[in-house]
Amino acid sequence: MKAVGSEGDRGPARGPDGDPPAVELDGVTKRYGETAAVDSVSLRIREGEFFTLVGPSGCGKTTTLRLIAGFETPTAGAVRFVGEDVSGVPPERRDVGVVFQNYALFPHMTVGENIGYGLKFADSPDRQSRDERVAELLELVDLPDAADRDPESLSGGQQQRVAMARALAPSPDLLLLDEPMSALDAQLRERLRVQVRAIQSELGITTVYITHDQEEALAISDRMAVMRAGAPEQTAAPRDVYRRPASQFVAKFIGDNNVFVGRVTKVTEVSADAADDTSVAAVDVGSETLRVALGGAGDALDVAVGDRLTFCVRPEYLRIDGGESRIRATVANAEFLGETTRVTLDWDGRDLVVRTRDPLSGGVVAGFDPEDAHVVRVDTS
Amino acid sequence: MTSALLVVAFYYPIGTVLVEAVIVVDGGVTLGVFAEILRDPFYFGELARLFAKESPFAVAPDIVSSDRRLGIIGFTAYQAVLSTIASVALGLPAAYLLARFEFRGRQALRSLTIVPFVLPSIMVAVGFVATFGRNGTLNAVLGAVGLPPVELMFTLEAIVIAHVFYNAPLVARVTTAAWESVDASAVETARSLGAGPIRAFYDVVAPQVYPAVLTGAALTFVFTFGTFPIVLALGGFQLATVEVFIYRFVRDLSYAEAAALAIIELVISLGVLLAYLRYEARNTVRSRGARPLPRRSLFPSAPTARELLPRLGLAGYVVVAGLVFVAPIASMVLASVTGGDGGLTLDHYRFLVDRQRTGTAFQVRPWPAIRNSLTFAGAATLLALPMGVVVAVLTTRRYRGRKLVDAAAMAPLAVSGIIVGLGLLRGLVFGFEVWGWRITVAGSVAIVVAHAVAGYPFVVRTVAPGLAGLDRSLIESARALGASRVRVIRDIELPLVWPGVVAGAAFAFAISIGEFTATVVLATGVDAYTMPVAIERFIGRRLGPATAMGVILLIVTGLSFVVVERLGGESRGL
């Protein structure tokens with residue numbers, strides 16, 4: 001088997017200036033008894049980057065964050081901050097700010113005392129500069145008058161912002177956010193997402209963000225790692241992860257997708273001079289022969305007749321009565337989502353998903369162009 | 001630190017007892033003392049003949065025959081089983097009343113179920129003498145209505161009733177807690193699936209309440225198996241349990257026999273406790289009741305047969321409960337102000353004052369007793385508090401071998417005071433040698449240590465649930481913000497569980513005030529006696545002053561009870 005990766009998969013070992021990455025996980029494994037929650041993970045997070053770990057529950061993303069924070073020690077491998085091994089450094093000496101899903105505000109302290117708590121351990125913890133810093137942060141998170149309030153009297157969104165302010169108060173080198181919005185309702189979540197990203201950009205702080213919500217990950221990140229079973233399957237910019245998923249799992253987990261598996265019956269090589277054209281494979285899937293682009297001259301995938309090809313086509317590229325490869329199917333189910341309708345088609349027992357504006361029913365023909373298909377896996381015969 | 005203290009104050013003394021039991025005078029190691037006890041029908045009754053290698057077939061008919069000999073250990077187990085059954089029988093209706101009905105004072109009544117834990121057992125004994133004694137309240141009432149007097153003192157019944165006084169509230173308390181945590185929607189689901197009310201109770205409620213009943217029963221058995229002050233006061237040596245005999249051996253300076261008997265007792269009660277813990281580990285279903293079952297009003301608006309029947313039953317129960325739980329305390333207070341002629345008098349208190357003024361050095365005087373009690377309790381609390389908090393912190397962390405630490409740290413709860421007292425006496429008070437130096441510890445210090453050992457599990461019990469319930473992310477947030485592990489305990493954990501800490505302190509104080517068993521073993525000197533010991537010395541000769549002293553003890557423990565309750569002993573494990 002040949003894995004089909006995208007260029008983002010192998011992030012540069014060093015930043016543009018040759019500096020070591022802000023955070024580096026080098027073959028990090030965390031075992032609980034027999035099971036490995038995190039299985040030899042290697043990641044490099046650049047200075048100032050907003051980096052997201054996304055995956056289904058139990059994929060090891062939270063454990064990864066806890067390893068970075070120092071709440072867990074790796075069973076094997078090393079965690080490095082700017083090139084320095086911090087594996088044995090306790091959390092209080094790592095200069096990290098952490099925001100938890102439930103915010104974990106200290107209930108016996110006021111909002112101001114919460115935010116000021118981390119400043120007590122700074123080098124010059126005099127009272128006045130502490131109060132100034134607290135006011136500054138309350139301003140930053142847009143809660144200027146909340147200092148004397150009781151955390152429990154705040155709404156969920158306000159608590160989340162206080163937790164942000166508390167984590168940022170000691171000016172940490174690294175901000176770690178563990179599903180900080182999953183307890184909020186959808187609209188508030190979208191608003192806060194913008195705010196969190198704006199604060200991060202303003203401060204330029206390296207940030208690791210955990211979420212199980214792929215849409216959130218796509219929206220907020222500079223780069224993201226899609227995790228599964230304790231290891232990242234793909235690490236890349238959101239656009240690359242969406243356009244060129246590295247595996248069937250990523251293809252299905254990030255956004256809607258139609259996955260096809262079939263045997264190659266013919267490969268049409270493109271001539272070297274046709275720069276904007278692409279090699280195309282004809283693939284037998286069920287009763288149909290579908291045409292799939294393999295890439296332009298020079299970087300085309302190495303595919304031979306008889307190989308088994310796994311490829312995917314996003315619902316938005318699967319067009320009714322359009323495209324080059326046509327599939328005859330019947331409407332099985334339609335969900336009205338507002339701006340579009342998500343229609344599930346039945347194609348000889350396979351499910352296909354398309355998005356349309358117009359209502360559909362009965363038998364339809366859906367098609368796609370070769371360039372809109374993305375190969376995730378090639379199994380040589 | 002704490003573990004060192006535990007070793008010195010608990011495990012070393014226990015170890016001393018163990019060693020004592022197997023070493024004979026010339027220094028050789030032997031199990032002879034054990035073998036003798038095992039084979040002696042005096043201890044094991046007919047069972048002893050089995051240990052003496054008689055054929056089981058020869059022994060069996062005698063065991064089932066009606067005039068079998070139980071032996072001391074057999075009798076101890078027998079009265080513990082009876083007490084357990086009676087405690088469950090009187091505890092369950094109370095749990096039913098508290099968990100299922102709404103009425104004025106329900107909260108207060110629920111809180112009162114904690115009282116026995118802080119009531120000194122010797123005081124309860126005094127109360128029982130005042131109630132059921134030849135001249136007690138019960139016979140006075142019976143006489144007034146023309147019935148013949150009953151002789152309950154020095155009978156098995158008296159002991160069992162006293163044990164019920166102590167343990168039925170415990171059964172009620174743990175059962176009520178379990179009953180209240182049954183989720184109403186579970187019952188409603190069962191009903192919607194076609195189960196009638198009784199069937200739903202049987203299928204949904206009972207399985208969730210049953211483990212709690214078993215908890216209560218197991219603890220009751222262990223407590224009553226190791227009972228001492230109550231039997232000493234109410235049973236005397238005619239109806240002696242193992243503890244009483246250990247005490248007698250200690251008094252007669254037969255330490256090897258005392259130690260061997262103590263070990264046998266320890267093995268039996270730890271065995272029961274371990275068996276129970278194994279059961280509990282397998283059957284713990286933590287259903288945090290999202291929505292408790294709704295309570296019915298105790299006084300229904302429409303009196304139908306179905307509504308009235310359970311309430312009539314409860315009314316009958318209240319009469320019995322009044323006799324068992326209220327009468328002893330009331331009688332004690334009454335007896336303390338009743339003169340020989342039946343009229344009201346303050347003579348008994350005056351006696352205490354006079355004794356204080358004129359008593360000779362070898363007589364029991366009240367003020368030293370009160371002063372000793374308060375001093376010991378204060379010191380024991382100061383010792384028990386940090387120990388308990390540290391153990392609580394240790395038992396709520398996750399690491400390898402935590403279960404072992406758990407068990408080792410909580411063991412003092414299951415080991416009777418007499419063994420601790422005996423161990424401390426032999427191990428510390430009589431001294432031990434370290435590199436040629438002979439170190440001895442004063443009796444009063446040993447008493448404080450014994451009280452701290454008896455009290456700190458209660459600190460653990462009140463503090464640990466709060467710590468365990470703390471959100472881990474609070475602690476981790478503080479650490480990420482730069483606080484060290486110790487700093488987090490100080491800034492975050494302790495402030496958040498503070499009510500539990502104070503309640504634990506009050507518990508430890510009250511336990512120390514009421515502790516009798518270890519104290520009586522250790523209070524060899526004339527100066528080290530406490531209020532409970534003073535009561536015991538009074539009780540045989542002068543009931544009046546004993547009751548007066550009991551009232552003083554009641555007031556002191558009552559005050560610490562108020563502290564416990566005010567600061568949330570309610571929601572705690574015990």
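At-a-glance table
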{"item": "Matching residues, the range B:74-125, being of a type in the set (Gly, Ala, Ser) and either under 20 Å from B:Ala217 (Cβ atoms) or at pLDDT 85 or above (or both)", "result": "B:Gly74, B:Ala77, B:Ala80, B:Ser83, B:Ala86, B:Ser87, B:Ala89, B:Gly91, B:Ala94, B:Ala95, B:Ala99, B:Ser121"}
{"item": "Residues of the range A:159-179 that turn out to be outside any helix (DSSP H, G or I), touching a Phe, Trp or Tyr at 6+ places or on another chain (Cβ under 6 Å) and within 11 Å of another protein chain (Cβ to nearest Cβ), as a count", "result": "1"}
{"item": "Subset tally (residues that are within 16 Å of the chain's Cα centre (by Cα) and among the aliphatic types (A, V, I, L, M)) for the range A:178-193", "result": "1"}
{"item": "Test: residue in the range A:126-133 that is over 20 Å from A:Ser182 (Cα atoms), modelled with pLDDT under 90 and outside any helix (DSSP H, G or I)", "result": "yes"}
{"item": "Residue within the range A:186-198 that is surrounded by 15 or more Cβ atoms within 10 Å (Cβ to Cβ), within 17 Å of A:Leu140 (Cα to Cα) and touching a strand residue (DSSP E or B) at 6+ places or on another chain (Cβ under 8 Å) present", "result": "yes"}
{"item": "When residues of the range B:458-478 are limited to those that are at the interface with another protein chain (Cβ under 8 Å from one of its Cβ atoms) and hydroxyl-bearing (Ser, Thr, Tyr), the one farthest from A:Val96 (Cα to Cα)", "result": "B:Ser473"}
{"item": "Pair list, Cβ under 7 Å, 6 or more apart: the range A:34-53 residue under 16 Å from A:Pro238 (Cβ atoms) and in the same structural domain as A:Leu177 (by TED's automatic domain parsing), other residue of a type in the set (A, V, I, L, M, F, W, C) and assigned to a loop (DSSP other than H, G, I, E, B)", "result": "A:Ile45/A:Ala22; A:Arg46/A:Ala22"}
{"item": "Options A:Glu92, A:Glu113; residue that is within 9 Å of chain B (Cβ to nearest Cβ), part of a helix (DSSP H, G or I) and either exposed (fewer than 15 other Cβ atoms within 10 Å of the Cβ) or free of Cβ contacts under 8 Å to residues at least 60 places away in the same chain (or both)", "result": "A:Glu92"}
{"item": "Per-region count, the range A:334-372, residues small (Gly, Ala, Ser) and without any contact (Cβ under 8 Å) to a residue 24 or more places away in the chain", "result": "2"}
{"item": "Test for B:Ala172: is it in contact with a Gly (Cβ under 8 Å, 6 or more places away or on another chain) and either buried (at least 21 other Cβ atoms within 10 Å of the Cβ) or touching a residue at least 24 places away in the same chain (Cβ under 8 Å) (or both)", "result": "yes"}
{"item": "Of residues in the range A:24-81 being within 14 Å of another protein chain (Cβ to nearest Cβ), among the polar types (S, T, N, Q) and under 22 Å from A:Ile220 (Cβ atoms), the one nearest to the chain's Cα centre (by Cα)", "result": "A:Thr62"}
{"item": "The range A:134-150 - residue that is in contact with a Pro (Cβ under 9 Å, 6 or more places away or on another chain) and part of a helix (DSSP H, G or I) and, of those, nearest to the other protein chains (Cβ to nearest Cβ)", "result": "A:Leu138"}
{"item": "Close pairs (9 angstrom Cβ cut-off, 6 or more residues apart or separate chains): polar (S, T, N, Q) in the range A:265-278, at pLDDT 60 or above and surrounded by fewer than 12 Cβ atoms within 10 Å (Cβ to Cβ) anywhere", "result": "A:Thr265/A:Gly306"}
{"item": "Matching helices (runs of 4 or more DSSP H) fully within the range B:479-535 where at least 1 residues are away from chain A (no Cβ under 14 Å)", "result": "B:498-514, B:517-522"}
{"item": "Number of the condition not met by B:Ala108 [criteria: (1) surrounded by fewer than 20 Cβ atoms within 10 Å (Cβ to Cβ); (2) in contact (Cβ under 8 Å) with a residue 12 or more places away in the chain; (3) hydrophobic (A, V, I, L, M, F, W, C)]", "result": "(2)"}
{"item": "Test set (1) touching a Leu at 6+ places or on another chain (Cβ under 6 Å); (2) more than 10 Å from chain B (Cβ to nearest Cβ); (3) surrounded by 13 or more Cβ atoms within 10 Å (Cβ to Cβ); (4) not β-branched (Val, Ile, Thr) - A:Gly97 fails condition number", "result": "(2)"}
{"item": "Conditions (1) within 19 Å of B:Leu474 (Cβ to Cβ); (2) more than 14 Å from chain B (Cβ to nearest Cβ); (3) of a type in the set (S, T, N, Q); number of the one not met by A:Thr206", "result": "(1)"}
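The values are calculated or read from the model by the stated rules, or taken from the named source; none is laboratory data. Just so it is clear, the model here is predicted, and its values are computed rather than measured. Quick reminder, even Gly has a Cβ in these numbers, built from the backbone with ideal geometry, and neighbours come from all protein chains shown.
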